Amino acid sequence: MRIIAGEYRGTALATVGRGDTAAHLRPTTDRVRESLFSVLTHHDVIAGARVLDVFAGTGALGLEALSRGATRAAFVDDGRVAQGLIRQNIAKLRVQDRTETIRRNALHLPARDGMPFDLVFVDPPYGKGFGAKALAVLETGGWLSPEAFIVWEEAQEMPAPSGFEVVDRRRYGDTHITLLSKTTP
């Protein structure tokens, strides 16, 4: 795994091999990240964004966004293995001053005490219904800016939860990406 483009292009990230199923680590492949970030560039949602990477795993999605012009990134994962990988990857890129790690269960986050996020990656363990639950927690807890753009990765196409609308859908093999925006009241 590596950073695909931008300031840190080519930097190798800490590896988990084929993933750590016991820790629910399933890294997004370089090919999927490259395609996804092409779509995000087209939607013009990366430059200057405050990024939240939920169920962050290795942190590769949030770090790729930083490499491509996001200003800050926060990583939410309660796994011990994931937290170690995220810290290693932040150190490799030397972006400690632009990042925050949050060791909490994404389904039990407290209300946000700080600025909300513009670009949010939600990559939960597949097939457990955690994505919609996490989005509800983020929305009610003040984690999402009014213009938040959500990237939701799952094993199947996901419907937009209440308060969100589908902007785009992409499929990369067995990975389904649903792009969402918040609906205006």
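Quick notes on this one:
- Gained length - GLN156 relative to SER38, 0.36 nm times residue gap less alpha-carbon distance: 40.4 nm
- Net charge, ARG169 excluded, C-beta distance under 15 Å - Lys, Arg +1, Asp, Glu -1: -4
- Here ASP78, ASP123, ASP118 are placed in order of increasing Cβ neighbour count within 10 Å, fewest first, which gives ASP78, ASP118, ASP123.
- When the alpha carbon coordinates of segment 79-126 are projected onto the principal axes, the ranges are 29, 27, 17 Å, largest first.
- Partner lysines for LYS182 [C-alpha distance under 27 Å; skip if fewer than 8 residues away on the same chain]: LYS128, LYS133
- Cα-based values for the chain, radius of gyration first and Dmax second, are 14.7, 44 Å.
Bear in mind that the values in this text are calculations on the coordinates, not laboratory data. Predicted, not measured: the structure shown is a model, and the values here were computed from it. Cβ coordinates were reconstructed from backbone atoms using ideal geometry, including for glycine residues, and neighbour counts include every protein chain displayed.
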